[in-house]
Amino acid sequence: MDANLLKGNLDLILLTILEHGEMYGLEIIEEANQRTNGYFEFKEGSVYPALHRLTVQGYLEANFKPSPRGGMPSRYYTITDHGKKNLIQKQAEFDQFSQAVKGLRLEPKTQS
Amino acid sequence: MTDRERYLKLATWSLWGQQKKIVRMELEAHIEHKVWKYQMRGYNHTEALEKTLADLGQPHIISAGMTGVYTMPNLIRRIGLIVLLSSLGLTAFNAGAQVSGTTRLPIIQCLSSLGKEVTVFGFKVQCETGLLWINKPSLKTTLEALDVQVTTNKDWSKFQLLFPNSSTPIEFRFNDRSEVFSVAPNKGILIDPEYMSAQMLFTNLQFTGLPMTLTDWELPTISVGNIKFQLSSQKTPINSKTLYFSALYSPIQDIMPINAINKNKPWLMPNLTPAGLETTLSTKKIKLSRDQPNQVYVLITREAGTNKDALRLHQIQVSNANQEIEFQTGLQAPRFVESIKKFYDEKSDSTNRAVLLQFTGRLDQYKEVFEIVPPSEIQVLQ
């Protein structure tokens, strides 16, 4: 996948993954990978600044909680109401953009 | 230092206080968890750690990304204060500087309130040891002439450097939250993507893997491997204190964690408002019994505020030919200690504690940026 395309839509991807429940960083990365059969190849370190930015912007909330396997506590992210509204808006924008790009394509002429 | 520790240090290099602690804890948990997963798949610990860190990517990418989230917005707030001071009749000015003799490198120095104390990066400092902005196009021209590969995009939101003999490109990314705000005469804050802070430059240059130094006071020279350049010339001098402050702030913060003082809220910076600290400062002349003139020193004192102790980072100073340095301090009789541990020791009386750091000139090795001057070599003259 084009890295710029991934970067440009990182917020949308992260908010979508977190839409239905809280997750910590590594879980989010693995979830993105699994749901898309490896289509999204994150450099893992790049996800954390994005998660922190979304938290600062109020789209996510974050709290340390005990890790499911023990050991150090993990920082869990939850989407906020503000984040959900932003997600709906971003999804609509993305769908519009996607439709518009599709509309640019010319149908191949059928040979008679 | 272990690879893991080194990675965490580099990834959180540009942060401080609460943010630094949170990011470090989060990355530690990530590394621990991923290493465990690799070990479950049959890798030994060393292999598992190596793969985990490779998956995370270069630490300076994380550091730069986090800088965009936390550091720059903080800076913008600080600048807001400075502009407020400007609006009260104090002026900002634009100083030019020159690099390697030929290239003019415009630099905006925050000297909006000359001689006045303002809060910069959470420390109360003289404004002249505050902010320094470097013009990216000029820096590009200068470094390219020295065989450094410089890659940028049109809007200067990406700025990448690859130094000769280094295999690690240094990439600065300026997203829409980290645009560099500059202070210009009579114009207040400008959103100017052509400028980057000198602190950001220094913070990131240490990732090249090459020896890096900052030497000389009159004409400060930065060297990265075999590449040497200056941010000033005799015709267009730069304020050396400003430059050294930009270079030394992060290393100081690393060895002198300000969050260690506030025991109740360990993530918060200590209160450095005038109400919390003694604001009457007096000049103290210090005589050193070491035969090394023109050395750069930083004095840090621990002073009792109204609610809690606070750190005061004093002007960065250079010693004269008589091995003397002068500092402004609120302490009547600074009591110098020989270690950071003693500086922070909670068991004994903290009043009047001070530590004097001598800059070694090296910026590449974390542990070797400063030496603590032993109290036996310090004499307070007045």
query = Given H placed on each backbone N at 1.01 Å, which residues far from A:MET23 in sequence or on other chains put an amide H within less than 5 Å of it?
reply = A:TYR77
query = Name the residues of the range B:29-44 whose accessible area falls by at least 30 Å² when all protein chains are present instead of the chain alone, probe 1.4 Å?
reply = B:ALA29, B:HIS30, B:GLU32, B:HIS33, B:LYS34, B:TRP36, B:LYS37
ask   = B:ARG335: accessible area at probe 1.4 Å, nearest 10 Å²?
value = 110
request  = Using only protein heavy atoms and a 1.4 angstrom probe, determine the accessible area buried between A and B, summed over both sides, in Å² to the nearest 100.
outcome  = 2300
query = So which residues of the range A:51-99 lose at least 40 Å² of accessible area, probe 1.4 Å, when you go from the chain by itself to every protein chain present?
reply = A:HIS52, A:ARG53, A:VAL56, A:PHE64, A:ARG69, A:MET72, A:ARG75
ask   = Which entries in the list B:LYS20/B:LYS284; B:LYS287/B:LYS342; B:LYS37/B:LYS367; A:LYS43/B:LYS140 go over 26 Å, if you measure between the two C-alpha atoms of each?
value = B:LYS20/B:LYS284; B:LYS37/B:LYS367; A:LYS43/B:LYS140
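Rounded, prolate or oblate: pick one for the range A:9-112, where a ≥ b ≥ c are the square roots of the eigenvalues of its C-alpha gyration tensor, a/c under 1.5 means rounded, and failing that, prolate if a/b is larger than b/c, else oblate.
Values: a/c = 3.31, a/b = 2.01, b/c = 1.65.
In terms of gyration-tensor shape, prolate.
The values are calculated or read from the model by the stated rules, or taken from the named source; none is laboratory data. Since we're looking at a predicted model, the values are computed, not measured. Accessible surface areas use protein heavy atoms only, side chains included; no ligands, DNA or RNA. Shrake-Rupley method; radii C 1.70, N 1.55, O 1.52, S 1.80 Å.
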